[in-house]
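Okay, structure first, notes after.
The values are calculated or read from the model by the stated rules, or taken from the named source; none is laboratory data. Only a predicted model underlies this, so the values are computations on that prediction, with no experimental measurement involved. All Cβ positions, glycine included, derive from the backbone under ideal geometry; neighbour counts span all protein chains shown. To get the accessible areas, we keep the full protein, side chains included, count just its heavy atoms, and leave off ligands, DNA and RNA. Shrake-Rupley method; radii C 1.70, N 1.55, O 1.52, S 1.80 Å.
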Amino acid sequence: MRTFRKLLTVIILFNAARIFTSCCECDETPVRFTFRSIDVRNLDNKGEWAIVTASNNMAPEAVAFEVSLFDSTGYFGYAALQKALLPGFSKAMAFRCDCSIPFQATSYPESIVIKTFFAINDTIQAGADVTGCFVARSSGNGTISGLYQSVESVFSLARDKIYYDSGVETVQLFLMPEIKTDKAKFEISVRLSDGRILSGNTQTINIRQQ
């Protein structure tokens, strides 16, 4: 019995020590990163919520795509590494230190220009600046807002923004005019506050005319 009590005491003290090291305050100092790359992906906009799709076929009234800015130098694993180095229990516990890593960009998107490669209708011809023909939904660190906004107002929200565990700025863009031709393609150029411009193109989109 004495041996059991001693063993039980050792186990309790060992676990208490681990719990103690698990109680900590999260460091809120942002890790700095730089937007270096742009990615453009098509959206399936037929349902209630737009979802990313690999298809290049769209209805003429439902042309949409998603633009993401991110750091291509590989900071994504930083948060996971930091959590792995924290002391204490490795699984979720009541007193576990489970801190989200804050990220902040060294520059932010100031403006966006969208140009069309092909004519949209009789009045909007190939090469036109069609930025004003789009509305947008912004992302809240991975969560897409349900409200449509102007493209300019969406990007203005990124100034001094804090991202948690990964720094990706994502905006969903929706074309308002119905496309009257059989194909579409757009160039997206994002100007950052440090003067750099990140540009990307959509795939050539096949328009399913009724």
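Things to note:
- Filtered residues of the range 29-45 (kept if open to solvent by 50 Å² or more (accessible area, probe 1.4 Å) and in a loop (DSSP other than H, G, I, E, B)): T29, R36
- Hits in the range 46-66 - residues which are outside any loop (DSSP other than H, G, I, E, B) and open to solvent by less than 10 Å² (accessible area, probe 1.4 Å): M58, A64, F65
- Strands (runs of 3 or more DSSP E) wholly inside the range 156-210 containing at least 1 residues that are among the charged types (D, E, K, R): 169-175, 186-192
- In the set (1) in a loop (DSSP other than H, G, I, E, B); (2) at pLDDT below 90; (3) closer than 29 Å to S189 by Cβ, the condition left unmet by F95 is number (3).
- Residues of the range 182-205 classified as loosely packed, with under 13 Cβ neighbours inside 10 Å and over 19 Å from the mean Cα position of the chain (by Cα), total: 5
- When residues in the range 143-155 are screened for being open to solvent by 60 Å² or more (accessible area, probe 1.4 Å) and either among the hydroxyl-bearing types (S, T, Y) or part of a loop (DSSP other than H, G, I, E, B) (or both), 3 of them pass.
- Condition met for A126 (open to solvent by 40 Å² or more (accessible area, probe 1.4 Å) and modelled with pLDDT of 95 or more): yes
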